[in-house]
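Note sheet for the following structure.
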There are 4 protein chains.
Amino acid sequence: MGFEILKEKVCAANKEIGRTGLAILTWGNASEADRAAGVFAIKPSGVDYDALTPEDIVIVSLDTGEKVEGELNPSSDTPSHWHLYRVFPTIGGIVHTHSTKATAWAQAKKNIPAFGTTHADYFYGPVPCTRELTQAEVEGEYELNTGKVIEEHFVRHGIEPIQMPAVLVACHGPFVWGADAASAVECGITLEEVAGMALNSLVLNPALAAMEPYLLDKHFLRKHGASAYYGQNERGEKQ
Amino acid sequence: MGFEILKEKVCAANKEIGRTGLAILTWGNASEADRAAGVFAIKPSGVDYDALTPEDIVIVSLDTGEKVEGELNPSSDTPSHWHLYRVFPTIGGIVHTHSTKATAWAQAKKNIPAFGTTHADYFYGPVPCTRELTQAEVEGEYELNTGKVIEEHFVRHGIEPIQMPAVLVACHGPFVWGADAASAVECGITLEEVAGMALNSLVLNPALAAMEPYLLDKHFLRKHGASAYYGQNERGEKQ
Amino acid sequence: MGFEILKEKVCAANKEIGRTGLAILTWGNASEADRAAGVFAIKPSGVDYDALTPEDIVIVSLDTGEKVEGELNPSSDTPSHWHLYRVFPTIGGIVHTHSTKATAWAQAKKNIPAFGTTHADYFYGPVPCTRELTQAEVEGEYELNTGKVIEEHFVRHGIEPIQMPAVLVACHGPFVWGADAASAVECGITLEEVAGMALNSLVLNPALAAMEPYLLDKHFLRKHGASAYYGQNERGEKQ
Amino acid sequence: MGFEILKEKVCAANKEIGRTGLAILTWGNASEADRAAGVFAIKPSGVDYDALTPEDIVIVSLDTGEKVEGELNPSSDTPSHWHLYRVFPTIGGIVHTHSTKATAWAQAKKNIPAFGTTHADYFYGPVPCTRELTQAEVEGEYELNTGKVIEEHFVRHGIEPIQMPAVLVACHGPFVWGADAASAVECGITLEEVAGMALNSLVLNPALAAMEPYLLDKHFLRKHGASAYYGQNERGEKQ
């Protein structure tokens, strides 16, 4: 029924999760939306990254959250992805993993403070950690409620998803996003690296405060603002 | 005399221990039981994972604990495996390693608390650490007594081996198990990852308490309970 | 227009940054100066290490800091490299990365003390961490001012760049240098290793003091002084 | 002039140091003695592990410590190796590295306590850390005095080199040994792993005491005593 290119992109992004060690075993999934077509494509549940083929990728309706194409079950985290696509209309790809260092912060129920420019190049402020889900939320539509708790945090704190493409779900792990599945994977790699750096910085200096706001502004806006000048977008022909 | 398939599975599981870094040098062994045949197959002692072939795997009687087939000495940990197969009739594969982070917890003589869903997906509560063996236990049938101390801990605390497929032997290291040798290896990989995450979470928050019981229930039972819905077991055709 | 050999060396040094893990994604850049020709060659901005070819390398004037050859944008860090080449006339290659452990120290805004001979073989004293840039410095010519803050630290503390081929820019990350791009990469690898060792030594002994000056002298001068006797430079034919 | 087999063994052991990550760059060296021939073979100084060939290996007299064969300079650590071969007549191979975790302990100037069976399988008690060398020792025959300080520690504390095949030189790094160069490399790998485990165990339990002496005895003597029963030495045909 189509979606071949979307399935190939999502298959490649999921394999990249495995190849880079963002997820071991089958502990992570990537998805990407085709908003014009009203669908998103996501990894099937419990399939090894090495064995994954584009044909295995499941197509889900952005409207209903139900599978519209594919023989396998979609990831059990599909309702979380679905909710985020609906409430964050600016995002086009999502990755969820249990990456080692980011998950350690999620388990500790702490925001990752912005300690340096590595962080500021991708995340415009501390990477937030949500509240824990209530018993009713966990025992109800758990995966959907996971998406709702993320939404609640961003709304309550006035955070723009495009400026903060990552969140830690308390006692669980990270969700990251971007323009497409590939950029969400890049964001997940960055989050994991930043999480490890911040942990070590705190070991070296337990009283460490966040970086200066003007340096945060400079680095985030150098890559993401209207006057970004990093990479080859303006004058160069490449990347 | 047969057991070719069993030997191949156990050879592959032991090689996986080496390949994934769960054990360096020859510091780990995997076994799998064929309960109908009344035997289990186990790695020979001191043989490198790369050099290991199915013919090297040793067959041991579940009844007597004695070698019934194979030219090489079985792993020196064979009596520990044997005892666990006898007292935990629901398990079909066992892995023992000195994996880095899990062993650090075993040396610290501490249970690994359940801090998040990564843990809860596999382990239904804190991963227990046994008491230390007494001098008499160490100087007597040491490897058999190692199995007995594990049994004692599970009986005394009313822990079901199928709900807690891992244990830390104090001052020694982890034993993990599952339906077969391959799933025991997966459990060992998970334990190692969870051990590292928990260590880092404690560095970030030394007063951290265990996760909510309702979240532990949700995640463990989502994958292991009668109404599990993770993977492709219900509706999909794959894995 | 020439510079083929220079471009090949700089391309190889940048690929080495990726291959050794000093930088993930595109988070690092290497440059090398040809002082006789009045130029330096540097990585283009935002290009993957795997995809990089010698033709992509950008040639920049040592006199003006402007691009003199190449189709792509030079690294956004080019003004930092340029300034260091101008104020440190003894250096021939520069590497900037966000390597994991060194960046953790930069974020913690701490010098890396000289705790042992691994450190002393390359760095003649503590690896310094600069002050943070002011708001005016960040909002002005930021990358140029980064170079100026490094220069300020070395001048103020009387540090010789040839004896201390590394610096941590506070809240940012390391810059390292050497006779050429390849030796700057080696210096970056060493700094990362030394940063991790020093972190762990402090965890083991939080009150740890720096090594004895006479041991620091011995190791640094054994490899770098007029009477160096390490390697094959004096009597051997190789390396 | 011969020594082909000895050179091949020493070349292979040095390459193994690089391959396993015990040393990065050229930061480690392996040697092996042929006591009947009155020589030992050692890595040349500053040569990359990948480029190393058996012909590069240098032959040194056990009697005089002088080079007797080879075109290249021997490792600058040659006098340390030489002294250890002379004062520890039971050893046949030596490895010196700056491996990451063991060096962190050496820099912290602390013994590595025996916390578990991984340690006890190789090291019969805490891995000792020497005193720091005096200024006179450093400014005199430094590498020879490094060997002498190791000897002094073992003599003063009545430690048998065959029961404790490792030492940390304060503010420097580990030396390990064994029956030959290959077993010294294995000892170095083990020391590095044990050093990391012990560090993490102390983070989890800062007041942790050493393991029980009867468990230390059991594990060390199970592999190394007169009644060792690990491996295939007694009854099996392999390894």
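The values are calculated or read from the model by the stated rules, or taken from the named source; none is laboratory data. Every value quoted in this text rests on a predicted model; they were computed, and no experiment measured them. All Cβ positions, glycine included, derive from the backbone under ideal geometry; neighbour counts span all protein chains shown. Note: areas computed on protein heavy atoms with side chains; ligands, DNA, RNA excluded. Shrake-Rupley method; radii C 1.70, N 1.55, O 1.52, S 1.80 Å.
About its Cα centre, the dipole of chain A is roughly 820 debye, where the only charges are +1 on Lys and Arg Cβ and -1 on Asp and Glu Cβ. Inter-chain Cβ neighbour count for C:170-178, averaged per residue, equals 3 (cutoff 10 Å, partner chain atoms only).
Loop-only trypsin sites (Lys or Arg not before Pro) in region B:140-223, please: DSSP not H, G, I, E or B, and at most 14 other Cβ atoms within 10 Å. Sparse-neighbourhood loop trypsin sites (Lys or Arg not before Pro): none present.
For a quick check, take a GNM of chain D with Cα springs below 10 Å and name the residue from D:P113, D:P89, D:P54 with the largest mean-square fluctuation. Between D:P113, D:P89, D:P54, it is D:P89 that shows the largest mean-square fluctuation. Could you pull out every residue, at least 5 positions away or on a different chain, whose amide H is within less than 5 Å of the one on B:A170? Hs are placed 1.01 Å off N in the peptide plane, and Pro or chain starts have none. Correct list: B:T130. Within the listed set B:A210, B:A198, B:A41, the residue fluctuating most in the Gaussian network model of chain B (springs between alpha-carbon atoms under 10 angstrom) is B:A210. Its DSSP H runs of at least 4 residues, each contributing -39,500 (n - 2.57), put the calculated 222 nm mean residue ellipticity of chain C at -12500 deg cm²/dmol, to the nearest 500. A 1.4 Å probe run over the protein assembly as shown, with the rest of the protein chains in place, finds 37 Å² accessible per residue.
Within 12 Å, Cβ to Cβ, of D:H98, how many net charges do the neighbouring residues add up to if Lys/Arg are +1 and Asp/Glu are -1? Can you show the working numbers first?
Values: positive: D:K101; negative: C:D121, C:E193, D:D77, D:E192.
Its environment carries a net charge of -3.
Charged side chains reduced to their Cβ positions (Lys and Arg at +1, Asp and Glu at -1) give the protein assembly as shown a dipole of some 2060 debye around its Cα centre.
Among residues other than D:Q163 with Cβ under 14 Å from its Cβ, the summed charge is -1 (Lys and Arg +1, Asp and Glu -1). Mean-square fluctuations from a GNM of chain A, with a 10 angstrom spring cutoff on Cα atoms, peak among A:G70, A:G173, A:G18 at A:G70. Within chain B, the selection of entire DSSP H helices by a Cα span of 24 Å or greater along the long axis and an average Kyte-Doolittle value of at least -0.5 returns B:181-204. Inter-part distance, region D:1-76 to region C:145-179, computed on C-alpha centroids, equals 38 Å.
Tell me, what % of the accessible area of region C:4-224 is carbon and sulfur with a 1.4 angstrom probe? Walk me through the intermediate numbers first.
Values: 3850 of 7460 Å².
Carbon and sulfur atoms account for 52 percent of the accessible area of region C:4-224.
Take each residue in C:39-49, count the other chain C-beta atoms within 10 Å of its C-beta, and the mean is 3.
Ordering A:H83, C:H119 by accessible surface, largest first, gives A:H83, C:H119; the 1.4 Å probe counts only protein heavy atoms, with every chain in place.
Put B:D180, C:D50 in order of accessible area, largest first, 1.4 Å probe: what do you get? Provide the component values of the computation, followed by the final result.
On the way: B:D180 45, C:D50 150 Å².
Most to least solvent-accessible, the answer reads C:D50, B:D180.
Can you give the translational diffusion coefficient of the protein assembly as shown in µm²/s, computed by Stokes-Einstein from the Kirkwood radius over Cα pairs at 37 °C and 0.692 mPa s? Using the Kirkwood radius from Cα pairs, D works out to 110 µm²/s.
The longest part of chain B holding none of the exposed loop GluC sites (Glu not before Pro), meaning those outside H, G, I, E and B in DSSP with at most 14 other Cβ atoms within 10 Å, is B:142-233. If you count the DSSP beta bridges with both ends in the protein assembly as shown, what percent of them are antiparallel, to the nearest 5? Once the DSSP bridges in the protein assembly as shown are tallied, antiparallel ones form about 95 percent.
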